[in-house]
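For reference, the structure is listed below as structure tokens.
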Amino acid sequence: MRPRNILFASVLCMLLCGPALIGLASWSGVALPSWLTADDAAYLSGGIVEADPAAYASLEGFSSGEFQIAAEDAVGNCIPMKAMALLANAALQRSAIEASNALFGWECYPAFYGSSIAEMPSRHRLLEIAEKATGDTLATASHIRDGLDALSLRHPEQRFFVYMGPDSMNIEGSPTAKLISNPLTYGELSSIFEDEDGHFQWIDGNVTFDEFADGWNSTDHHWNIQGAFRAYERMASALGFRDELLVPARLVTYDAPSFRGTFARRGLETRYVDQMTDYEFADNPPLQIVG
């Protein structure tokens, strides 16, 4: 037998028998390294699905498809090196997407087929694909506004301020908006909250896309220190602080540890990382926290 055929047969045997061997080892209590099992993949896929094919081992379960689904989940939980397989599969799909994008020249594109995370190489960052401005989404925003308005009316002795930070799904100028029809924008949401009876004060959080790129992590939906400080300035100014505003003395950048956030996990993309940053302040005002 040729060496090529032997290698192919060995790989095929490992693929076919691997889940059974992993499952047998797990059920018998053998301690296996996490990278060899599906444990490491639980973080990437959002958890390990609880599967019990025996519970659906009946004609009814088979006809409804519940037995097949449970069996697939059980096998999926025993795939050897599942995390590596997920990352390798996403990288393979991404290579095909990048190759096809040479014809279209999109500024960003899905991290893999069907992904809600887009990759933007020119900015070395990942983004959530823009959300559609559906009637339900706008109605939900209006409902929240009405609730906040009613709350402020019930407590006229208190001042109410509402601040909403933008995100990669609604930031003005996001290239992901070009990938869908009727994208939702921060301006649309802002206009809903500004259109109220004046019982709470709206603090506008809108920024340009360049400001967004500087103020938000490239692999996560959270602010970095620059974005958090910019939001603080807007909120503190609205509350009446002027001369008391903090003034950063210098930006501190930490070389380690590097950070990969939820966009990297959901996009199965490990090429982009964030460096953690912080501000140092020369003079901290003597403020007190009152509970």
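Taken across the range 184-197, residues that are in contact (Cβ under 8 Å) with a residue 40 or more places away in the chain, under 20 Å from the mean Cα position of the chain (by Cα) and on the phi < 0 side of the Ramachandran plot do occur, with at least one present. Of everything in the range 136-176, what is over 23 Å from A228 (Cα atoms) and open to solvent by 60 Å² or more (accessible area, probe 1.4 Å)? Give them in sequence order. Within the range 136-176, D136, T140, H143, I144, D146, L153, R154, H155, P156, E157, Q158 qualify.
Residues in the range 137-187 that are closer than 19 Å to W216 by Cα and assigned to a helix (DSSP H, G or I): P175, T176, A177, Y186, G187. If you go through the range 198-214 and keep only what is open to solvent by 10 Å² or more (accessible area, probe 1.4 Å), in a helix (DSSP H, G or I) and without any contact (Cβ under 8 Å) to a residue 60 or more places away in the chain, you end up with F209, D210, E211, D214.
Among the residues of the range 239-291, the one identified as exposed (fewer than 15 other Cβ atoms within 10 Å of the Cβ), touching a residue at least 60 places away in the same chain (Cβ under 8 Å) and of a type outside the set (V, I, T) is L239. For the range 112-135, the tally of residues that are outside any loop (DSSP other than H, G, I, E, B) and either open to solvent by 40 Å² or more (accessible area, probe 1.4 Å) or polar (S, T, N, Q) (or both) stands at 5. Looking only at residues in the range 177-197 that are under 17 Å from G147 (Cβ atoms) and touching a strand residue (DSSP E or B) at 6+ places or on another chain (Cβ under 6 Å), the one that is least open to solvent (accessible area, probe 1.4 Å) is F193. Within the range 93-106, residues that are over 17 Å from S122 (Cβ atoms) reach partners that are surrounded by 15 or more Cβ atoms within 10 Å (Cβ to Cβ) and hydrophobic (A, V, I, L, M, F, W, C) with beta carbons closer than 8 Å, at six or more positions or on different chains, in the pairs Q93/F112. Among residues of the range 215-233 that are modelled with pLDDT of 95 or more and of a type in the set (F, W, Y), those with a Cβ under 8 angstrom from a residue that is in a loop (DSSP other than H, G, I, E, B) and open to solvent by less than 40 Å² (accessible area, probe 1.4 Å), sequence gap 6+ or separate chain, pair up as W216/S168; W216/N224; W223/G165; W223/N217. There is at least one residue in the range 210-219 that is touching a His at 6+ places or on another chain (Cβ under 9 Å), under 28 Å from C108 (Cβ atoms) and of a type outside the set (G, A, S).
The values are calculated or read from the model by the stated rules, or taken from the named source; none is laboratory data. Predicted model, so just to flag it, every value in this text is computed and none were measured. So basically every Cβ, Gly included, is an ideal-geometry build from the backbone, and we count neighbours across all protein chains shown. Just so you know, the surface numbers come from the protein's heavy atoms only, side chains and all, with ligands and any DNA or RNA stripped out. Shrake-Rupley method; radii C 1.70, N 1.55, O 1.52, S 1.80 Å.
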